[in-house]
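The values are calculated or read from the model by the stated rules, or taken from the named source; none is laboratory data. No experiment lies behind these values; they were computed from the predicted model shown. Using ideal geometry, Cβ is built from the backbone for each residue, glycine included, and neighbour counts are taken over all protein chains shown. Side chains are part of the model used for accessible areas, which takes the heavy atoms of the whole protein and leaves out ligands, DNA and RNA. Shrake-Rupley method; radii C 1.70, N 1.55, O 1.52, S 1.80 Å.
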Amino acid sequence: MVLISVVIPCYNAERFLGETVESVLRQTLANYEIILVDDGSTDGTAEVIKSFGARITVEFGPNRGASVARNRGTELAQGKFIQYLDADDLLRSDALERRVHALETNNADVAYSDWQRLEENEKGEFLPGAVIARKIEDVHPDPQIALFTDFWSPPAALLYRRQIVNAIGSWNESLSIIQDARFFLDAALMGANFVYVPEVGADYRVHKSNSLSKRNPRRFVEDVYRNACQVEAFWKANGGLTKNRCHALAKVYSYTARSLFMGEQDLFTENLHRLYQVEPGFRPSWSKIAGVASTLLGNQGAAILLKLLGRPPVYL
């Protein structure tokens, strides 16, 4: 009987960790191991972990980030399949059984299921929200482009075959905020075969203000930009920049340019250069940019911005 390794990184997760581990212990498929890597928690997480005794494998370490913790958990894992699970998310009781069956039946590398949002209200309660049910090919027929642009699933909704995890090598520690999206994308970049498992298999907590992307939106955008640069380099070395790949890169670079133009000028300029490289005919919404720039920077500042963009400020 195949073994599934459930890898849970945690940091100050005493409020949710017990429920998360219990969701694994309730699985209909019994042959699993739970590997929990504590990333330097300072609250009561250690006591929650110890309450599960020998039912889990645990390692305590200093605070080095979720990707480092996941990489360490992967090193400890013995399973043929690996389920990464954030410390505040939940697995439905038949999730592992259905995903393993889908992977084995289809000889696939990554199984992905539908998932449901648990929305935090003003009282701090998490109530059932929208169910996210769609296939990768609904976004784009090429999984690399779909996962690079508009398709995302939380780790709780994904089960990886160990071979594709080994091919990826490690979680990308240079991306502090979007590392889960990048690992999913890395599977596609390594040529993974994906299989869709219908019906909800995971619950994903949506915190009102505590996510990394909400706490530091600028770092989030910089992560998205840095990720795009890395993907562009990978594509150049592996098949080249096709029309579809250039279009996908332009879409992401356009988003990051809009978000970065009020930040560091050097990074914004570099972003624009990359945008025009992959889509030389790109034309931004000049009037919209000018309006925002005039409001925030004044007419003189807007004129400088538009000059930087390569467009004379004829309407100022």
Report summary line: Checked the chain with the C-alpha gyration tensor, a ≥ b ≥ c its square-rooted eigenvalues, rounded below a/c of 1.5, otherwise prolate if a/b is larger than b/c and oblate if not; verdict prolate
Query raised in the report: Using Cα atoms only, what is the angle between the long axis of helix 265-278 and the major principal axis of the chain, expressed in degrees (0 to 90) to the nearest 10?
Result: 90
Requested in this report: Take peptides 240-252, 148-160 and line them up by average Cβ neighbours within 10 Å, highest first, as a rough protection proxy.
Outcome: 148-160, 240-252
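What FRET efficiency would be calculated for the residue pair residue 22, residue 229, taking the C-beta separation as r and a Förster radius of 45 Å, to the nearest 0.05?
My answer for the efficiency is 0.65.
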Report task. Decide, for the range 53-93, between rounded, prolate and oblate: order the square roots of the alpha carbon gyration tensor eigenvalues as a ≥ b ≥ c, take rounded if a/c falls under 1.5, and otherwise choose prolate if a/b is larger than b/c, else oblate. Result -> rounded
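Please calculate how many Å² of accessible area the range 44-146 carries per residue, with a 1.4 Å probe and no DNA, RNA or ligand atoms counted.
Solvent-accessible surface per residue comes out at 48 Å².
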Report summary line: Zone reached by a paramagnetic label modelled 7 Å from residue 15 Cα along Cα→Cβ, restricted to the range 119-155 with backbone N below 18 Å, covers 119-129
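Relative contact order (percent) for the range 1-110, with alpha-carbon contacts under 8 angstrom and 6 or more residues of separation?
Computed over the range 1-110, the figure is 41 percent.
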Query raised in the report: Can you pull the percent of the chain's accessible area that's carbon plus sulfur, 1.4 Å probe, other chains left in place?
Result: 50
Query raised in the report: Between residue 130 and residue 31, 0.36 nm times their residue separation minus their Cα-Cα distance comes to what?
Result: 32.5 nm
**Report entry** Estimated distance in nm for a label pair at residue 105 and residue 166, the labels positioned 7 Å out from Cα along Cα-to-Cβ
**Finding:** 2.6
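Any idea what the relative contact order of the chain is, in percent, if you count C-alpha pairs under 8 Å spaced at least 6 apart?
Answer for the chain is 16 percent.
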Query - Virtual spin-label span in nm between residue 236 and residue 78, 7 Å along Cα→Cβ - result: 4.5
**Report entry** Within the chain, helix-based [θ] at 222 nm, where runs of 4 or more DSSP H residues each add -39,500 (n - 2.57), nearest 500
**Finding:** -14000 deg cm²/dmol
Report task. Based solely on C-alpha atoms, express the radius of gyration and the Dmax of the range 132-178 in angstrom. Result -> 12.1, 30
**Report entry** Lysine pairs meeting the criterion (Cα under 22 Å, 8 or more apart or interchain), as found in the chain
**Finding:** 8
Query raised in the report: Between residue 63 and residue 270, what FRET efficiency comes out of the Förster formula 1/(1 + (r/R0)^6) with R0 = 35 Å and r the beta carbon distance, rounded to 0.05?
Result: 0.70
Report summary line: Given unit charges at Cβ for Lys, Arg (+) and Asp, Glu (-), the dipole magnitude of the chain about its Cα centre in debye, nearest 20, is 1100
Query raised in the report: Rounded, prolate or oblate: which one fits the range 7-80, using the alpha carbon gyration tensor with axes a ≥ b ≥ c (rounded when a/c is under 1.5, else prolate when a/b beats b/c, else oblate)?
Result: oblate
Query raised in the report: From the residues 275, 139, 51, which one has its Cα farthest along the dipole of the chain in the positive direction, the dipole being from +1 and -1 charges on Cβ of Lys/Arg and Asp/Glu about the Cα centre?
Result: 275
Report task. Could you go through the range 13-27 in sequence order and give the Karplus-derived ³J(HN,Hα) for each residue, using 6.51 cos²θ - 1.76 cosθ + 1.60 with θ = phi - 60°, rounded to whole Hz, and x for Gly and Pro? Result -> 10, 4, 5, 10, 4, x, 5, 5, 5, 4, 5, 7, 5, 8, 5
